[in-house]
Amino acid sequence: MKTFGLLGETLSHSFSPQIHACLGSYDYRLFEVRPGDVHAFMMRRDFDGINVTIPYKKTVIPYCDTLSEMARHIGSVNTILRRKDGSLHGYNTDADGFDTLLRKIGYDPAGKKALILGSGGSSATVKAALEDKDCGEVVVISRIGENNYQNLHLHKDAALIVNTTPVGMYPNNGASPVSLDNFPACKAVIDIIYNPAKTRLLLDAEERGIRHIGGLPMLVSQAKRASELFQNKPISDALVDEITDKITKQTRNILLIGMPSSGKTTIGIRLAEMLDREFLDTDAMIEQKTGRSIPDIIKTDGEEAFRRLESETLSEVGKLSGKVIATGGGIVTIPENLPLIRQNSVCVFLNRDVGKLKSDGRPLSQKYGVEALFQARLPLYRAWCEHEIDSNQSIGRTVNAVKEALKL
């Protein structure tokens with residue numbers, strides 16, 4: 001069987017194997033190679049075809065015997081095919097993928113000023129794609145170039161911002177290469193990172209009502225074109241949307257919020273079993289980490305100390321993919337927790353009638369009263385969630401209601 005795969009430095013975050021599994025029945029591996037070992041890897045040529053990701057899209061060019069016109073024009077290679085004579089031919093399929101992002105957010109860059117963050121291989125692809133669409137001015141921001149992060153004020157009139165750097169990529173979630181406060185004219189933001197689904201930059205754009213999109217459709221689109229080269233046969237464009245939707249559903253966490261005793265743990269465990277996913281409970285994780293019970297932490301250290309532990313735990317689990325996560329009832333009382341949830345999770349509110357909620361073993365419910373807590377938190381639950389599910393029904397019906405809402 002022929003061997004294909006992805007070459008990169010850090011690949012634990014990659015969705016490429018799942019995507020290529022949907023595109024064809026061929027062996028697809030992850031080739032995680034350190035910079036000092038790239039030469040030996042490329043000289044061995046122990047592959048029939050590879051995709052190339054950060055930071056090697058320019059590094060691999062000297063090892064290619066020939067380049068496609070697009071790869072030569074851009075100066076970046078993200079797909080390499082080994083021919084029957086053993087020679088390597090380099091392609092760039094990222095341009096197709098970036099066009100997909102522009103179409104999906106309905107943004108026409110013609111005549112507009114665009115700011116590209118980063119100067120690597122992906123940056124060159126984006127620059128060429130924008131120029132082909134008659135973008136008014138394309139400015140590349142690098143760390144030490146003429147246009148850099150110290151003189152961003154010169155480009156506050158940028159209408160489009162595209163991030164091609166790894167800043168904010170898993171596992172370093174939460175970082176952003178720039179602040180959108182500095183770009184009052186910005187109308188669209190594209191981040192080619194696909195894990196997390198929403199980087200800090202995209203969440204900031206969402207908060208400001210700026211149209212935005214992450215890199216998953218680009219990843220799928222370029223993979224489709226690469227797969228056509230691997231298999232030497234055409235693949236329907238319709239498959240791009242199908243795979244994007246499938247990967248999104250597979251990789252997004254299902255995160256449950258709601259009052260204490262609303263069924264988050266019970267429903268979460270059953271849901272995880274049905275979907276063959278790992279179940280995580282933030283309260284249980286805190287107890288395991290500290291060796292203490294939640295009531296003891298709140299009673300001894302205070303609610304504020306517990307909330308800090310809760311946010312730290314949410315920061316850990318929120319960056320993961322494909323989990324079912326149950327959270328504490330007061331997770332919504334800390335505004336900083338919202339981006340931790342939205343980066344990689346679909347948020348589901350389990351709403352149970354207040355008369356059915358219990359206060360036994362729950363110090364905050366006993367202190368403030370269940371009714372008062374419910375009324376104070378209800379607007380937050382509804383503002384934070386994407387789906388509200390009635391959890392007054394049986395466990396089975398509630399689980400099915402969640403699955404139907406998420407179209408799983």
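Having 1 or more residues that are outside the structural domain of PRO363 (by TED's automatic domain parsing) is the bar; report the helices (runs of 4 or more DSSP H) wholly within segment 234-345 that clear it.
Details: elements: 238-251, 264-275, 282-290, 294-301, 303-318, 337-342.
The qualifying helices (runs of 4 or more DSSP H) are 238-251.
Checking PHE31 against (1) of a type in the set (Phe, Trp, Tyr); (2) outside any strand (DSSP E or B); (3) assigned by TED's automatic domain parsing to the domain that holds GLU228, which single condition isn't satisfied?
(2)
Output the number of residues of segment 179-212 satisfying the condition of being aliphatic (A, V, I, L, M) and under 20 Å from GLY121 (Cα atoms).
Looking only at segment 179-212, we keep the residues that are aliphatic (A, V, I, L, M), and these are 180, 185, 188-190, 192-193, 197, 201-203, 205, 210.
This time we only want the ones that are under 20 Å from GLY121 (Cα atoms), so: 189-190, 192-193.
Residues flagged as aliphatic (A, V, I, L, M) and under 20 Å from GLY121 (Cα atoms) within segment 179-212 amount to 4.
Against the condition assigned to a helix (DSSP H, G or I) and of a type in the set (D, E, K, R), how does ASP96 come out, does it pass? Before the answer, list the steps.
Numbers: assigned to a helix (DSSP H, G or I): yes; of a type in the set (D, E, K, R): yes.
Yes.
I'd like to check something: does segment 192-206 contain any residue that is within 24 Å of the chain's Cα centre (by Cα), closer than 14 Å to ALA114 by Cβ and without any contact (Cβ under 8 Å) to a residue 60 or more places away in the chain? Give the derivation first.
Here is the first cut: in segment 192-206, the ones within 24 Å of the chain's Cα centre (by Cα) are 192-206.
With the extra rule that they be closer than 14 Å to ALA114 by Cβ, the set shrinks to 192.
With the extra rule that they be without any contact (Cβ under 8 Å) to a residue 60 or more places away in the chain, the set shrinks to none.
No, segment 192-206 contains no residue that is within 24 Å of the chain's Cα centre (by Cα), closer than 14 Å to ALA114 by Cβ and without any contact (Cβ under 8 Å) to a residue 60 or more places away in the chain.
State the number of residues belonging to segment 183-211 that are buried (at least 22 other Cβ atoms within 10 Å of the Cβ) and in a strand (DSSP E or B).
Qualifying residue count for the region: 4.
State whether one or more residues within segment 364-383 are in contact (Cβ under 8 Å) with a residue 12 or more places away in the chain, part of a loop (DSSP other than H, G, I, E, B) and either of a type in the set (Lys, Arg) or surrounded by 15 or more Cβ atoms within 10 Å (Cβ to Cβ) (or both).
No - not one qualifying residue is present in segment 364-383.
So which of LEU380, LEU373 is among the hydrophobic types (A, V, I, L, M, F, W, C), in the same structural domain as ILE257 (by TED's automatic domain parsing) and under 28 Å from GLN250 (Cα atoms)? Full working, then the answer.
Numbers: LEU373 fails: under 28 Å from GLN250 (Cα atoms).
Going through LEU380, LEU373 in turn, just one is among the hydrophobic types (A, V, I, L, M, F, W, C), in the same structural domain as ILE257 (by TED's automatic domain parsing) and under 28 Å from GLN250 (Cα atoms): LEU380.
In this structure, is MET42 assigned by TED's automatic domain parsing to the domain that holds ASN232, surrounded by 15 or more Cβ atoms within 10 Å (Cβ to Cβ) and more than 20 Å from SER123 (Cα to Cα)?
Judged against the criteria, MET42 is a match.
The values are calculated or read from the model by the stated rules, or taken from the named source; none is laboratory data. No experiment lies behind these values; they were computed from the predicted model shown. We place every Cβ from the backbone using ideal geometry, glycine too, and count neighbours over all the protein chains shown.
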